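Everything below concerns the one structure shown next.
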């Protein structure tokens, strides 16, 4: 079953993946009746601003493998990009992190209702605490954040979680040279660097998107991330 009205999605998703995204849409809509998870659940808001926006970075380099990885999504909310990644990368182990109990309880409902092939773990905790837990620090191949904070803030969340060859994906709207200057200074402190910057215009006039790919150059210093609230209030 194909989505005739979304050429961009038809080109990269299988019919089975599209069906799973339809089921995910229904489940979130049901949960939304009692719990306000997201307003982006109908039409272009869902298929472009949620689904397409979550998955397009993983299709830019077809020769680069993104499946079969250990993946963490920080501030997962209603599951984007984390659950979108899970649907399109069924052999990966997925960790969804959110500090809101309401959201992690909803994520568990979604996972129970949808037939994912992945092992998926939901963690209700602040990332500033998790990132100092030896069970999670420096173990992930891929880390993502979307609509969580400034690039410097989320870099401080992601880099301590990545292994030596890991890659962090920072989802941004507009991106300027000033933004790049700021995050490069932050990454110097965190012992990381920018590996790539990719830009696209979302279909259906949904705006500009940039993905900043970051990577560790050395292990992130043990003092990062800083105490709860500090990365957001005082970006590096």
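The values are calculated or read from the model by the stated rules, or taken from the named source; none is laboratory data. Just so you know, these numbers come straight off a predicted model, no measurement behind them. Cβ: placed from backbone, ideal geometry, glycine included. Neighbour counts: every protein chain shown.
Could we say that residue 143 is within 24 Å of residue 235 (Cα to Cα), modelled with pLDDT of 95 or more and not in a helix (DSSP H, G or I) here?
Values: within 24 Å of residue 235 (Cα to Cα): yes; modelled with pLDDT of 95 or more: yes; not in a helix (DSSP H, G or I): yes.
Yes, satisfied.
Quick check on my filter: what residues within segment 37-61 are without any contact (Cβ under 8 Å) to a residue 12 or more places away in the chain, within 17 Å of residue 167 (Cα to Cα) and buried (at least 17 other Cβ atoms within 10 Å of the Cβ)?
Within segment 37-61, none qualify.
Being closer than 25 Å to residue 9 by Cα, loosely packed, with under 14 Cβ neighbours inside 10 Å, more than 16 Å from the chain's Cα centre (by Cα) and free of Cβ contacts under 8 Å to residues at least 12 places away in the same chain: is that true of residue 64 here? Even if it seems obvious, please write down each step before you answer.
On the way: closer than 25 Å to residue 9 by Cα: yes; loosely packed, with under 14 Cβ neighbours inside 10 Å: yes; more than 16 Å from the chain's Cα centre (by Cα): yes; free of Cβ contacts under 8 Å to residues at least 12 places away in the same chain: yes.
Judged against the criteria, residue 64 is a match.
Could you identify the single residue in 158, 214, 183, 194 that is out of contact with any helix residue (DSSP H, G or I) (no Cβ under 8 Å at 6 or more places or on another chain), under 25 Å from residue 64 (Cα atoms) and either without any contact (Cβ under 8 Å) to a residue 40 or more places away in the chain or buried (at least 23 other Cβ atoms within 10 Å of the Cβ) (or both)?
Details: 214 fails: out of contact with any helix residue (DSSP H, G or I) (no Cβ under 8 Å at 6 or more places or on another chain); 183 fails: out of contact with any helix residue (DSSP H, G or I) (no Cβ under 8 Å at 6 or more places or on another chain); 194 fails: out of contact with any helix residue (DSSP H, G or I) (no Cβ under 8 Å at 6 or more places or on another chain).
Testing whether each residue is out of contact with any helix residue (DSSP H, G or I) (no Cβ under 8 Å at 6 or more places or on another chain), under 25 Å from residue 64 (Cα atoms) and either without any contact (Cβ under 8 Å) to a residue 40 or more places away in the chain or buried (at least 23 other Cβ atoms within 10 Å of the Cβ) (or both) leaves just 158.
Pairs please, first residue from segment 132-143 and within 11 Å of residue 160 (Cβ to Cβ), second anywhere and in a loop (DSSP other than H, G, I, E, B), Cβ atoms under 7 Å, 6+ apart in sequence or on different chains.
What qualifies is 137/131; 138/219.
Here's the yes/no breakdown for (1) in contact with a strand residue (DSSP E or B) (Cβ under 7 Å, 6 or more places away or on another chain); (2) crowded, with 17+ Cβ neighbours inside 10 Å:
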{"position": "20", "(1), (2)": "no, yes"}
{"position": "33", "(1), (2)": "no, no"}
{"position": "73", "(1), (2)": "yes, yes"}
{"position": "86", "(1), (2)": "yes, yes"}
{"position": "91", "(1), (2)": "no, no"}
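Somewhere in segment 200-209, is a residue surrounded by 22 or more Cβ atoms within 10 Å (Cβ to Cβ) and touching a helix residue (DSSP H, G or I) at 6+ places or on another chain (Cβ under 9 Å)? Give the derivation first.
Step one: of segment 200-209, the residues surrounded by 22 or more Cβ atoms within 10 Å (Cβ to Cβ) are none.
Taking every residue of segment 200-209 in turn, none turns out to be surrounded by 22 or more Cβ atoms within 10 Å (Cβ to Cβ) and touching a helix residue (DSSP H, G or I) at 6+ places or on another chain (Cβ under 9 Å).
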